[in-house]
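Here is the structure we will look at.
The values are calculated or read from the model by the stated rules, or taken from the named source; none is laboratory data. None of these values were measured; they are calculated from a predicted model. Here the Cβ positions follow ideal geometry from the backbone for every residue, glycine too, while neighbour counts run over all protein chains shown.
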There are 4 protein chains.
Amino acid sequence: MAATQNRATPVKLTAVAAPDQPEVTPALEELYRGFEQELLVPLWTEIGDLMPAHPRSRAVPHLWRWESLRRLADQAGHIVPVGRGGERRAIALANPSLGGRPFATPTLWAAIQYLMPGEDAPEHRHTQHAFRFVVEGSGVWTVVGGDAVPMNRGDFLPQAGWNWHAHHNATSEPMAWVDGLDIPFQYVTEAQFFEFGRDEIGAAERITPERSRSEQLWAHPGLRPLSAGSTGEPTPGSPLLAYKWAHTNAALNDQLQLERAGFGGTVEPGHAAVRYTNPHNGADVLPTIRAEFHRLARGAETAPERETGSSVFQVFDGSGVVTVGDQSWTVTRGDLFVVPSWTPFSFRSEAGASDSDEGALDLFRFSDAPVFEVLRLNRTQKDA
Amino acid sequence: MAATQNRATPVKLTAVAAPDQPEVTPALEELYRGFEQELLVPLWTEIGDLMPAHPRSRAVPHLWRWESLRRLADQAGHIVPVGRGGERRAIALANPSLGGRPFATPTLWAAIQYLMPGEDAPEHRHTQHAFRFVVEGSGVWTVVGGDAVPMNRGDFLPQAGWNWHAHHNATSEPMAWVDGLDIPFQYVTEAQFFEFGRDEIGAAERITPERSRSEQLWAHPGLRPLSAGSTGEPTPGSPLLAYKWAHTNAALNDQLQLERAGFGGTVEPGHAAVRYTNPHNGADVLPTIRAEFHRLARGAETAPERETGSSVFQVFDGSGVVTVGDQSWTVTRGDLFVVPSWTPFSFRSEAGASDSDEGALDLFRFSDAPVFEVLRLNRTQKDA
Amino acid sequence: MAATQNRATPVKLTAVAAPDQPEVTPALEELYRGFEQELLVPLWTEIGDLMPAHPRSRAVPHLWRWESLRRLADQAGHIVPVGRGGERRAIALANPSLGGRPFATPTLWAAIQYLMPGEDAPEHRHTQHAFRFVVEGSGVWTVVGGDAVPMNRGDFLPQAGWNWHAHHNATSEPMAWVDGLDIPFQYVTEAQFFEFGRDEIGAAERITPERSRSEQLWAHPGLRPLSAGSTGEPTPGSPLLAYKWAHTNAALNDQLQLERAGFGGTVEPGHAAVRYTNPHNGADVLPTIRAEFHRLARGAETAPERETGSSVFQVFDGSGVVTVGDQSWTVTRGDLFVVPSWTPFSFRSEAGASDSDEGALDLFRFSDAPVFEVLRLNRTQKDA
Amino acid sequence: MAATQNRATPVKLTAVAAPDQPEVTPALEELYRGFEQELLVPLWTEIGDLMPAHPRSRAVPHLWRWESLRRLADQAGHIVPVGRGGERRAIALANPSLGGRPFATPTLWAAIQYLMPGEDAPEHRHTQHAFRFVVEGSGVWTVVGGDAVPMNRGDFLPQAGWNWHAHHNATSEPMAWVDGLDIPFQYVTEAQFFEFGRDEIGAAERITPERSRSEQLWAHPGLRPLSAGSTGEPTPGSPLLAYKWAHTNAALNDQLQLERAGFGGTVEPGHAAVRYTNPHNGADVLPTIRAEFHRLARGAETAPERETGSSVFQVFDGSGVVTVGDQSWTVTRGDLFVVPSWTPFSFRSEAGASDSDEGALDLFRFSDAPVFEVLRLNRTQKDA
């Protein structure tokens, strides 16, 4: 701990002539020198920044093109090895106004991870809650506690903190996917633990079934395996390690079909959406991360809305226009963008016949909403 | 209220010479007359019945043969009309030791319901929580709040209290199924409300889709429709109105397959089981009723177990031997039996090759377990 | 189990000519004989009783005079010994329409218990949740898990199920108090376990402090002892074993004072009330029993109200008129009365100057409300 | 939003020759330039900082002397006015290694607030959860939603977010106290809202009772006012606005007395402690802040312990030695110090006769523990 040297000039106060500030006088200057000496900072110089009328994010809206991410990840695939120490070939989004740190938002990490044919990423575990989302490709299995979970386009794989996990590319093609974690949140709250596991997964874990064991137990709607225990506290995160695309796609189509039949079912006209939930208790799939999938029928648009907390979106399919704060982008498959706290956002899919599912704008989303809800800090506002 | 006439001789005390009882003297007799006069009963004459060392059920184990139920229901179908007042052509199991009342156990109602071709059962709602389970046949739709839910062999349809519902037989065949409710529980606790609805359901509700709207919204594993609201108290019972057989069957097969592959997944060897749960919160499907499905692989048997609270089972498929307390029955499709509180029970499927799913003993079960769990009165015991 | 003999004639069906009943024909008679043979009862003959439009209690409103209870208890004190087997000299209220059984309501037990000078009641434990309430006198200590809890006028002592407990009269006077339990509820649901403990409590437990250890730990408002553990499931009932009269009285006075100062705080004009709660989690003091204390300022009256579930009241002080259903009684200290499910009730204290706390009508109340709330069966209605 | 200019060089990557880092080659340099261009940062250069084996706090242990705080606050009292805009004469602890910002720890704000005789601090409200703790003096009332809450030595006043509040010094003496808030936590998660209220409180609120209305309703142990509503979600924070010193002191003395009598009750020998809890639900008094009071009997010491999350302590009485990480301080009344995440800490009170309550070391503590617990990130470890 570098307390001693840091202590030299950690507090620096400048008396400024301004409304709402005390008059600049020699007495005030003397007071401020006293504050500095004793490591104190008055509220009256900081209140505007610390206690604003509403959240003013340090993050900014920003878009990353999948094409560039993919290209750089592949470049890294050829020159940066994967192994113990670096642990993963993961390359993270750095929000332009968060000091060059790999923070997509103040609480969320989003990265492209890349494995070359036959490569493994070594086993480890950490308290950070994580998930994978696959926008394209296949061929990698994530081995979680010995259970090999395949990854294919559209699949969502949550992985609650402190589970051992490794990755294994069983094919002859490289594969890319998106990792989402609460690394920044656990970094600022200082909660994180990390342990190395086995350097190599076992032979049995290299057998690569089409369905994980967790799915055999838990991927049946509304059906809980009795062997999971009937009472007691559920585990912190979902026991279901993969949410397959076929289910997500069917759920979204069903909502749009209900809407067309006049029975609602969508969030707003043309806007179907599901939340990935823990089948054990219906809660968010991870304690600190919410994950959702949104489908906007051709020609539909969403009403601008803002909420406390931040989100990262990835375009899964289709194309359209996304507006976040004062930014607008035309987006296409794989593009990633962030919505900072209390920043209005809306989407518009490409015009076309809205009575077909084709050409819909499909968006994967994750956010820090569970943190806000459980602490009663969540708010939303429609920006009519 | 018939208080006055009931009051004449409501309390009758007899002084008996017995260990643990006070000596029979004129003074005791006088005291007992005083108690009777003032409507009082001492603990010391009642404690054996009211506070036993463990539950001693007033109910007894009993088996009803589906064949007889089916025959009598069909007979009733030809002479007893369905309509307002009687409401349903439902014929309930009366446990032999519960005073001739239609109580399968002290808390549970179980009945066969029967609808002739083209018949409707009128709309009503009640606070009693209910479900339907279909052991054979098809052709009836239960219309719940305007949502037409088809019923086919193996389907489980929960229906939480206070939802409007009617039944409609859209085919040219009669159909039978099992109704389970908490009628006795709500009768003894005096909680029940009832309201008549429309005498006839609308034309739109006579359209009979293969999937209910509730399934379109909720029957996707781990996926919650965002239109259902993201926060707040979930509704009292499951929003999913049908748990289709295909899902239940697949879940059970998956467990047995995991077991054979050496990964557990079953409750005990050869014994797969699922609980029907509310996808909104993972809780039991109804506040007062737990429902489960058990599959016992060919040649397997369960360890005797007892628990507080009572259950009703229906054999769905296969055959085997069931032991409840000191009773044993060879059972076959459709047979119903009760397990009273704290009575040991076990099952054995027919011998045969256990590595095939064929010939397994399939049992549907419902019980009052949620009441016991939420009030912290649940206990179980293995009878090695 | 007496299944065989009970089975002889357990079901008896009579075909009656009545609206809503099927026509009486030989075929119907034959059907009913078939039902009897197979132990079946149709819904259509029972629906009026089992599924009424609203709860129609089998219990009736009734009042027991404390004077009579006290007299008979004292009489019993002289001729009925207390000891192992009979366990307690407790004499229970038997609702006039509940078949002469010691059930104050279908779910609640209420009894006067009486200990002679120097007497002990032996140790036992049971799953039934219990409490003591003291309307007069002092001198008995209830020893719960080795903690000696004094009992004085106005004190409320909850005692969650499965705690060892005994009573000890340390004085030269007999003492009476009221026991409340969920005996009928656990009897009908068949949940109950019972165990004998030591025949005699130890010498250390005969030391009779003015405050129990549970109060030293838990009777400080809003303050939890850290030694009680900081996380995890709270125990089923309150860790606080005595709610002293001084606190209850002060809380009620404070509410009336707030009301007089124009700041509300009461339930309705002149009507102060508190609920006894578990300081660990704010829940009801027992899983199946709610306990409250009501103070009605001189000259005030309550608005008639009804609710699902039943209550027992004891007049603690003052006098007034109580109306339950179509019954009205002028009540005075110690009198007990029951309010059956969905029966309107209201109270009126004696006229007088309402700006003084003197002459208020003080009522202790307990009910089965937690059962109804946790199962979502609770309803209330104002009867304007 | 200053996105554009920030964007110039937000990411800066330096390829370094180090174990666990990829070989420094022109290709790697080119890759890093590509990352910078696209606002990307690889995991392998950051993992040591972001995913350590255990929390390594950016904060350091530090002690602030009350004497200096008091002196500077008084100095400020004479030259810095209190009013709209600056809002409060609050002077916050700035942890020496948190960049000169007024953050005692990464999540917690702690400040001395000071009001001169007759002064008011204007009304406002904010989502930040707050409390006051009074180490000395009296004379100020905090007016929360119109309820005037007096502040005296030893009192703890929680104030959940979004409640209107103002302060009013009704006496002829200045008064100082400590404010604790979750300002840093809400700053990093970007949750905060703020609104100005009335510039002046009303005449009725200048009446300064000895007890707040919230205490009249809620400061009775285990007793809930029925007027507060019997069901539904409790409010986010405690309805009890003051935890008076007399109660806290009595609770601590009771624990030590129980320990001396051989009945436990303390956390460890000589160490009594209480947590301030919400009487409505037993939860922490604020959603994001835990508050406790610890008393260490004369001559006792605590076992070193560490936990995730950070704390701020204030010495309330007595003196002793505090050890936090590699720092040790002899502390006395009013001194404040911080314990960063996962830093071992222990206390030792001055030697002396431990069988007297006199001379005990009394410590007030607050922390961010509720955030960690609700997100399942809490861990503790005894450092033998």
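A few notes on this one:
- Output for segment B:301-317, where each listed residue is more than 18 Å from residue B:177 (Cα to Cα) and surrounded by fewer than 23 Cβ atoms within 10 Å (Cβ to Cβ): B:301, B:302, B:303, B:304, B:305, B:306, B:307
- Hey, residue D:50 under 27 Å from residue D:344 (Cβ atoms), buried (at least 21 other Cβ atoms within 10 Å of the Cβ) and without any contact (Cβ under 8 Å) to a residue 24 or more places away in the chain or not: yes
- Among all positions in segment C:141-162, there is no residue which is of a type in the set (Phe, Trp, Tyr), farther than 30 Å from residue D:259 by Cβ and in contact (Cβ under 8 Å) with a residue 60 or more places away in the chain.
- One residue stands out in segment C:188-210 among those that are within 9 Å of chain B (Cβ to nearest Cβ) and free of Cβ contacts under 8 Å to residues at least 24 places away in the same chain: the one that is farthest from residue B:188 (Cα to Cα), namely C:190.
- Within segment A:79-100, tally of residues that are touching a helix residue (DSSP H, G or I) at 6+ places or on another chain (Cβ under 8 Å) and more than 7 Å from every other protein chain (Cβ to nearest Cβ): 1
- Evaluation of residue B:86 against the conditions (1) assigned to a loop (DSSP other than H, G, I, E, B); (2) within 29 Å of residue C:25 (Cα to Cα); (3) touching a residue at least 24 places away in the same chain (Cβ under 8 Å); (4) not hydrophobic (A, V, I, L, M, F, W, C) shows that the sole unmet condition is (3).
- Residue in segment D:174-185 that is of a type in the set (Phe, Trp, Tyr), touching a helix residue (DSSP H, G or I) at 6+ places or on another chain (Cβ under 9 Å), more than 30 Å from residue D:251 (Cα to Cα) and modelled with pLDDT of 95 or more present: yes
- Listing of strands (runs of 3 or more DSSP E) fully contained in segment C:106-200 that carry 3 or more residues being among the aliphatic types (A, V, I, L, M): C:109-115, C:138-144, C:147-152, C:175-181
- Residue that is surrounded by the most Cβ atoms within 10 Å (Cβ to Cβ) [pool: residues in segment C:118-154 that are under 15 Å from the mean Cα position of the chain (by Cα) and within 24 Å of residue C:294 (Cα to Cα)]: C:129
- The residue that is surrounded by the most Cβ atoms within 10 Å (Cβ to Cβ), counting only those in segment A:185-211 that are under 23 Å from the mean Cα position of the chain (by Cα) and among the hydroxyl-bearing types (Ser, Thr, Tyr), is A:189.
- Failed criterion for residue C:31 (all others in (1) more than 30 Å from residue C:331 (Cα to Cα); (2) more than 7 Å from chain B (Cβ to nearest Cβ); (3) surrounded by 13 or more Cβ atoms within 10 Å (Cβ to Cβ) hold): (2)
- Counting residues in segment D:180-194 that are out of contact with any Pro (no Cβ under 9 Å at 6 or more places or on another chain) and farther than 30 Å from residue A:368 by Cβ gives zero.
- Evaluating residue A:214 against the criteria (1) in contact with a Pro (Cβ under 7 Å, 6 or more places away or on another chain); (2) part of a loop (DSSP other than H, G, I, E, B); (3) more than 14 Å from chain D (Cβ to nearest Cβ); (4) surrounded by fewer than 23 Cβ atoms within 10 Å (Cβ to Cβ) leaves one unmet condition, (2).
- Criterion: facing chain C (nearest Cβ under 7 Å) and touching a Leu at 6+ places or on another chain (Cβ under 6 Å) - qualifying residue of D:242, D:250, D:273: D:273
- Flag for residue A:107 being facing chain D (nearest Cβ under 10 Å), touching a Gly at 6+ places or on another chain (Cβ under 7 Å) and not aromatic (Phe, Trp, Tyr): no
- From the list C:42, C:55, the lone residue that is under 30 Å from residue C:330 (Cβ atoms), modelled with pLDDT of 95 or more and buried (at least 18 other Cβ atoms within 10 Å of the Cβ) is C:55.
- Checking each residue in segment B:277-287 for being of a type outside the set (Gly, Ala, Ser) and touching a Ser or Thr at 6+ places or on another chain (Cβ under 8 Å) picks out B:277, B:278, B:279, B:280, B:284, B:285, B:286.
- Every residue from segment A:258-286 that is touching a helix residue (DSSP H, G or I) at 6+ places or on another chain (Cβ under 6 Å) and not in a strand (DSSP E or B): A:258, A:263, A:265, A:266, A:267, A:279
- Number of the exception - residue C:182 against (1) surrounded by 19 or more Cβ atoms within 10 Å (Cβ to Cβ); (2) closer than 13 Å to residue C:122 by Cα: (2)
- Within segment C:329-351, being over 17 Å from residue C:367 (Cα atoms), polar (S, T, N, Q) and within 14 Å of chain B (Cβ to nearest Cβ) holds for no residue.
- Some residue of segment C:100-108 being under 17 Å from the mean Cα position of the chain (by Cα), surrounded by fewer than 20 Cβ atoms within 10 Å (Cβ to Cβ) and under 24 Å from residue C:377 (Cβ atoms): yes
- Residue, farthest from residue A:298 (Cα to Cα), within segment A:253-270, restricted to residues that are among the aliphatic types (A, V, I, L, M) and more than 7 Å from chain B (Cβ to nearest Cβ): A:261
- Segment C:361-384, subset away from chain B (no Cβ under 13 Å) and modelled with pLDDT of 95 or more, residue surrounded by the fewest Cβ atoms within 10 Å (Cβ to Cβ): C:365
- In segment B:321-328 there is at least one residue that is farther than 22 Å from residue C:376 by Cβ, crowded, with 18+ Cβ neighbours inside 10 Å and within 11 Å of chain C (Cβ to nearest Cβ).
- The listed residue being more than 21 Å from residue D:258 (Cβ to Cβ), at pLDDT below 95 and touching a strand residue (DSSP E or B) at 6+ places or on another chain (Cβ under 7 Å), out of D:311, D:328, D:319: D:319
Residues are listed down the side, and each one gets a yes or a no for (1) over 30 Å from residue B:371 (Cα atoms); (2) surrounded by fewer than 23 Cβ atoms within 10 Å (Cβ to Cβ):
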{"position": "C:249", "(1), (2)": "yes, yes"}
{"position": "C:255", "(1), (2)": "yes, no"}
{"position": "C:259", "(1), (2)": "yes, yes"}
{"position": "C:265", "(1), (2)": "yes, yes"}
{"position": "C:269", "(1), (2)": "yes, yes"}
{"position": "C:272", "(1), (2)": "yes, no"}
{"position": "C:279", "(1), (2)": "no, no"}
{"position": "C:282", "(1), (2)": "no, yes"}
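- In segment A:239-248, of all residues being under 20 Å from the mean Cα position of the chain (by Cα) and not in a strand (DSSP E or B), the one that is nearest to residue B:219 (Cα to Cα) corresponds to A:248.
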